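To start, the structure itself, in structure tokens.
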Amino acid sequence: MEITIHRGTNEIGGSCVEMRSGKRRILLDAGLPLDGSATTLPLRVEGIDALFVSHCHPDHYGLASQLPEDLPVYLGELTWRFIRARHVFMNEDLPNFTTRFMHPWETIDIGEIKVTPYLMDHSSPEAFAFLVEADGKRLFYSGDFRGHGRKGKLLKNLLSNPPKKIDAMLVEGTTLGRKDQHQLSEADVEQELLSIAQNESGPVFIVCSGQNIDRIVSIFRAAKKAGRTLVIDIYTAWILEEMRCVTQNTPAMDWGGIKVLAHGWPASRQYATAKSQPDIFGGFLRRIYSLNADINLDTIRSNPGDYMIKANLWPIKRMLQETGTSKATIIYSLWPGYMSSEPGSRDMEIFEWINDAPSLTFKQVHASGHADLESLQALVKTIAPAKVIPIHTEMKNAYDKHFQQVCLLDDGQSLTLKNMENSKRK
């Protein structure tokens, strides 16, 4: 078995790993770098037999369209639905996937290569690690994972029943090197949101990803406990509808305590998108109104303190103006690295406005989608691989401080597990 990390040994995101056995070649992820610096895959795509996508974040699938259209792409059904939603609502062409849906812990054979997906806890609701077997060797690819989300039991289950005799383990290290290693859990986020909602007399706005289902659940639970109604946009309402393909236990627009902002300028673009593609959305829009799940700014204006509102950062100013509200709390519930501090940027203009408004409160409340050092060490110790290979990290040179049997690779460098010799692919 030969491993080549084409991208990801020196950066967070853009992951792309090739596994080769005999004449068979597969890819684990085909990600777009977070900075968008690359538009093509850094490898010869002819002869690839399959792509396995770990989850729906673009830094793991964003360059998959560079592959041949007839190439089988294995991913979870929910992953595909979320990818489709993102591209449709952003008015982008859908990836040219030949989809093959995979299921947790069900092995897929690609010739002599066997791949088994393991469901993991991550900020994406469906994220996989992969066990790859070929030539009598076994590799475990952690993908992106954590243990402090609402699916933290998945990590506990893996620690109690790990794959055995692993020859090499590709381990993400997103959080290594961060000054503050203490991370909020998703339960912590819920409690902080509840405290804020109980102590704010005006509306509470929350900026977060609509695809971070753990976060939406935390917001909904905090709103309900605080006696507030959660207001979401049409996009988030659709994401929650798509969740129904795997569970009925997450909030949706037919639950009490949730309303969809489905009128006027805040809804116009998303409404037009859904209306223009009935083959995807069917009767979704009609259902919003038939359920009486819709709300408008006029209704919010009558008592804005009754609501927690999921919104993008930039429309909040206008929403406050149109609801006649000056006092509010704005919560930023995303990775702080997404906040642009460049002078003149759109984000900076909003942050300056918030900072200059004495009646507005700005707070950051976020739980990372990635494992802390303790969880990383627990997984590596339990699986006990013969080699630990850094990926999805900017701190690979720090791995030997925390793990044993570290094997450092550079992008494009190959490792043959048969004799554990490094060689530069020509």
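The values are calculated or read from the model by the stated rules, or taken from the named source; none is laboratory data. This one's a predicted model, so the numbers in the text were calculated from it and none came from an experiment. Every residue, glycine among them, receives a Cβ derived from its backbone with ideal geometry; neighbour counts consider all protein chains shown. Surface accessibility is based on the protein's heavy atoms, side chains included, excluding ligands, DNA and RNA. Shrake-Rupley method; radii C 1.70, N 1.55, O 1.52, S 1.80 Å.
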Set Ile83, Ile108, Ile113: member being within 20 Å of Ile166 (Cβ to Cβ), among the hydrophobic types (A, V, I, L, M, F, W, C) and buried (at least 20 other Cβ atoms within 10 Å of the Cβ):
Ile113
Candidate set: segment 46-80, residues that are among the small types (Gly, Ala, Ser) and buried (at least 20 other Cβ atoms within 10 Å of the Cβ); chosen: the one nearest to Gly36 (Cα to Cα):
Gly62
Flag for Met319 being farther than 22 Å from Ile166 by Cβ, aliphatic (A, V, I, L, M) and under 22 Å from the mean Cα position of the chain (by Cα):
no
Total residues in segment 393-402, condition open to solvent by less than 50 Å² (accessible area, probe 1.4 Å) and either in contact with a Cys (Cβ under 8 Å, 6 or more places away or on another chain) or assigned to a helix (DSSP H, G or I) (or both):
3
Residue satisfying condition, being open to solvent by 20 Å² or more (accessible area, probe 1.4 Å), assigned to a strand (DSSP E or B) and free of Cβ contacts under 8 Å to residues at least 60 places away in the same chain, within set Arg178, Arg138
Arg138
For the subset of segment 188-211 comprising residues that are within 23 Å of the chain's Cα centre (by Cα) and free of Cβ contacts under 8 Å to residues at least 40 places away in the same chain, which member is most open to solvent (accessible area, probe 1.4 Å)?
Gln191
Let me confirm something: among Glu112, Glu77, Glu69, which residue is acidic (Asp, Glu), in contact (Cβ under 8 Å) with a residue 24 or more places away in the chain and touching a Cys at 6+ places or on another chain (Cβ under 9 Å)?
Glu77
Among the residues of segment 241-252, is any more than 25 Å from Thr325 (Cα to Cα), in contact (Cβ under 8 Å) with a residue 40 or more places away in the chain, hydrophobic (A, V, I, L, M, F, W, C) and touching a Phe, Trp or Tyr at 6+ places or on another chain (Cβ under 8 Å)?
no
Condition first: acidic (Asp, Glu) and not in a helix (DSSP H, G or I). Can you find one or more residues in segment 354-369 that meet it?
no
Filter result (open to solvent by 20 Å² or more (accessible area, probe 1.4 Å) and at pLDDT 95 or above) within segment 13-31
Arg20, Arg24
Out of (1) open to solvent by less than 20 Å² (accessible area, probe 1.4 Å); (2) free of Cβ contacts under 8 Å to residues at least 60 places away in the same chain; (3) touching a helix residue (DSSP H, G or I) at 6+ places or on another chain (Cβ under 6 Å), the one Ala367 does not meet is (2)
Could you tell me whether any residue of segment 370-392 is of a type in the set (Lys, Arg), over 20 Å from Val204 (Cβ atoms) and assigned to a loop (DSSP other than H, G, I, E, B)?
yes
With touching a Ser or Thr at 6+ places or on another chain (Cβ under 6 Å) and farther than 30 Å from Glu92 by Cβ as the only criterion, which of Gln198, Gln191, Gln183 stands out?
Gln183
Extreme residue, nearest to the chain's Cα centre (by Cα), among residues of segment 32-45 that are farther than 21 Å from Thr98 by Cα and open to solvent by less than 30 Å² (accessible area, probe 1.4 Å):
Pro33
Tally time: how many residues in segment 157-197 are closer than 26 Å to Lys225 by Cβ and basic (Lys, Arg)?
0
Pairing a residue in segment 85-97 that is over 22 Å from Ala50 (Cα atoms) and part of a helix (DSSP H, G or I) with any residue that is of a type in the set (Val, Ile, Thr) and modelled with pLDDT of 95 or more, where Cβ atoms lie under 8 Å and the two sit 6 or more apart in sequence or on different chains, gives Ala85/Ile239; Val88/Thr273; Val88/Ile280; Phe89/Thr273
Quick check: anything in segment 142-164 loosely packed, with under 14 Cβ neighbours inside 10 Å, of a type in the set (Phe, Trp, Tyr), modelled with pLDDT of 95 or more and assigned to a loop (DSSP other than H, G, I, E, B)?
no
Please work out if Pro336 is modelled with pLDDT under 95, in contact with a strand residue (DSSP E or B) (Cβ under 8 Å, 6 or more places away or on another chain) and not hydroxyl-bearing (Ser, Thr, Tyr).
yes
In contact with a Gly (Cβ under 8 Å, 6 or more places away or on another chain) and more than 30 Å from Lys327 (Cα to Cα): does that describe Arg146?
yes
What are the pairs with Cβ atoms under 7 angstrom where one residue, in segment 291-310, is farther than 26 Å from Tyr332 by Cβ and the other, located anywhere, is hydrophobic (A, V, I, L, M, F, W, C) and buried (at least 19 other Cβ atoms within 10 Å of the Cβ)? Sequence gap at least six, or different chains.
Leu291/Met253; Ala293/Met253; Ala293/Ile258; Ala293/Val260; Asp294/Val260; Asp294/Ala262; Asp294/Ile288
Report the residue count in segment 329-361 for those that are touching a residue at least 24 places away in the same chain (Cβ under 8 Å), surrounded by 14 or more Cβ atoms within 10 Å (Cβ to Cβ) and out of contact with any Asp or Glu (no Cβ under 8 Å at 6 or more places or on another chain).
11
